1. I'd like the orientation of helix A:149-160 relative to chain A: the angle between its Cα long axis and the longest Cα principal axis, in ° from 0 to 90, rounded to 10.
2. For the stretch B:277-290, in order, what is each residue's ³J(HN,Hα) by Karplus, 6.51 cos²θ - 1.76 cosθ + 1.60 with θ = phi - 60°, in whole Hz (x at glycine and Pro)?
3. I need the shape label for chain A. Rule: rounded when a/c is under 1.5, else prolate if a/b > b/c, else oblate, with a, b, c from the alpha carbon gyration tensor.
4. Determine the distance separating the Cα centre of the stretch B:175-228 from the Cα centre of the stretch A:136-181; give it in Å without decimals.
5. Amide H to amide H, which residues 5 or more places from B:Ser271 or on other chains are under 5 Å from it, using H placed in the peptide plane?
6. Please list, in order along the stretch B:14-31, the HN-Hα scalar couplings obtained from phi with the Karplus expression 6.51 cos²θ - 1.76 cosθ + 1.60 (θ = phi - 60°), rounded to whole Hz, x for Gly and Pro.
7. Over chain A, what is the relative contact order in percent, taking alpha-carbon pairs closer than 8 angstrom and at least six residues apart?
8. Quick one: if you stick a label point 7 Å off each Cα along the C-beta vector at B:Ser203 and B:Ser219, how many nm between them?
Amino acid sequence: MYRIRLHGRGGQGMKTASRIIGSAFFAEGFEVQDAPRYGAERRGAPIFAYVRASLRPILERGVIRRPDLVVVADESLVQVPAAGVLQGIDEHSLLLLDSLEPAEVWQERLKLQGPVLTMGSQAEGSSELPTVGARCAGAAARLVGVISRSALEGAIREELAGLGDTVVASNLETALASFDAFASDEGRVCPPEEAQLAPHTAPAWVDVPHDAAGISAPDVHGAATSVQVRTGLWRTVRPEIDAERCHGCSWICSTFCPDGAVLATPEGVPRIDYDHCKGCMICASVCPHHAIASVLERDAS
Amino acid sequence: MTRALLTGNGAAAWGARLAGVDYVPAFPITPQTEIIETIERWIEAGEMDARMVTLESEHSMVTAAGAAAATGVRVFSATSSQGLLYAMEMLYGVAGWRVPLVLVNVSRGVSAPVTLEPDHQDVLAARDSGFLQIHCSTCQEVLDGVLLAHRLAEDPRVRLPAIVNLDGFYLSFTREPVEIPSPEAVERFLPPFDAGSTRFRASTPIAQAVAVLGGGPYSYFRYEMHRAAEQALGVYAEIARDFARELGREQPAVATHRMDDAEIAIVMIGSFATKAMDAVDRMRETGRAVGLVRPRLLRPFPRDELQRVLSGARGVAVVDQNLSIGQGGVLHAELSAAIHGQPEAPPILASFIGGLGGRDITTEEFFEMVEVTRAAAEAGRPPPPRLLYTEEELREVRKLQGIALAERHEVGPGEAHASRAPEGSGS
């Protein structure tokens, strides 16, 4: 069985990528299971999706614990513990990162036993990354080695139908280019032999003790703890205020900011709280003087 | 017939579409919303001829569903978790009206504390309402279950509403290959709804579900619901035969896997049962006589069939993804009542609580549950109930509690305080 996990941020198309890979496997005659996994969904938050494919009916369910292939659309997720990008990776797992840094750097940095591949996204000049999902899907399809170019193409047409010809065309172009670029790595993903799980290690079950209600009630006693949660880590794009152009009408940007992350000095000069700004860019769109620029997070000063 | 990749939610919507439902009262809730969104798109595109109305709550939604069903049209709706709980008064209500309708519940653990992930607490809260219950373990079963539920609920011998249950995430958002039957095949199995005497019209008003005092009439009407649900067992067997004939799939009230010579049986419901199947297969490879029993029908409870398939087993591991607070696993208690005192009944019925709030159940844990049950059978003494919970999970909670405690010390007990202004706010 092939077990693939895809990590990205809400909005990068990882769910769609998992569906493209799933549909392509299905077209090749595989039994398939694909699913996204998220909590309280929102753009920019870490999400992941997974795909299982096998020639036999799939009885496994839920999160993939020992992936054969992990695809990461956003390298900044590697350092976010909650994203769990490296969970269950061992010497057999292939890690594919969308990153401008070479694979060797990542291999060394993460001290990984298994193979690492990277793909750069230099071509993308805009602050939107509309086809990163397609690039991931194209690469993954080639790396498993059992998906044909035409099955990939069919899957993209199927999954993106309804988004219009232009979107389909640009995703096709990206995905197929990515598929072609990984020709020399075709079939690098090797599912292990199905493990004989007996004799097994018994789970370390514990008797949950009785605790006094003061401890066992699910209360949060601290106030304003949301300040501690650095939601700024979700950001892929950041607003940057051009002081030259800013007229100081901070009631506009600070009012429209859904997260209260545009603060104002007593003089009315807006300042962005990058610890909590999620990069939705509403401030940029409402600024009457076009004084707020959208800057890719990795290019930010 | 086509075979396509569908989520559990997509399969539920396809079930409603193929059943040719007339009326869909709706209210959104995660992880169900995709069902009503899908149906809404089809209606909008003219691919499905039904009326959808968004109500202001699940309580009103189930009321509308019951009222519409009383007019003799085919009704479908869907909800989850808190939505089902919010509708609870009307679940009992419309079941008492004796109107057939199908309600899909996408299982999700109930608050508090709040979660989005699944267990069966929500649907089991509706256990005694008079709704029949079909529990699914694959996306295919969701589509099939909606068709079976309509036919079962509408049968004049039954005429009770039915819930089709699927697990959030593990089925609701998970795509699997699903056979979508042709409308012709479905119509052979599920002809248009013949409402019979169910013909409520504004122009010819009737009093639906009148008040009865004194206990005698009340007992009669309530017990008649019970009788109808009991009848539903036999009716289900009939329609499952029809289903197999017309649509080519077996959907028995109690599904079994490798039970023929099984000494130890796992009993559970829902999507994790496929994981149990996998574990059973692996254990069989090492020569262990283990099997799986999965009641698809939970209301009515297929007592006789469960007695039959479990008779002769030395021990049973009951896995409950629910917790009756102060009692234990609901399925365990129900199964105990069903087999107690029966000849050939398994002497050991071990209770395991697992998978609460979407907590995974690993293959090793299935192995261990079987081992614990086998050891108990050897010793002739039932093991204490066991929550599937590891040392590591408890350590993790202790860590969170440590943080909460530190926070409490910092803030002080019950002390009012202004919210802290973030740095740089200048105010």
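1. Roughly 40 degrees, rounded to the nearest 10.
2. Here the 3J(HN,Hα) series is 4, 4, 5, 4, 4, 5, 5, 4, 4, 9, x, 8, 7, 10 Hz.
3. oblate
4. One Cα centre to the other: 48 Å.
5. B:Asp167
6. Rounded to whole hertz, the list is 4, x, 5, 5, 5, 6, x, 5, 9, 9, 10, x, 9, 8, x, 6, 5, x.
7. Averaging sequence separation for qualifying contacts and normalising by length gives 16 percent for chain A.
8. Reported label-point gap for B:Ser203 and B:Ser219 is 4.3 nm.
A short reminder: the numbers here are calculations on the coordinates, not readings from a lab. Note that this is a predicted model, so its numbers are computed, not measured. Note: ideal-geometry Cβ built from the backbone for every residue, glycine included; neighbour counts use all protein chains shown.
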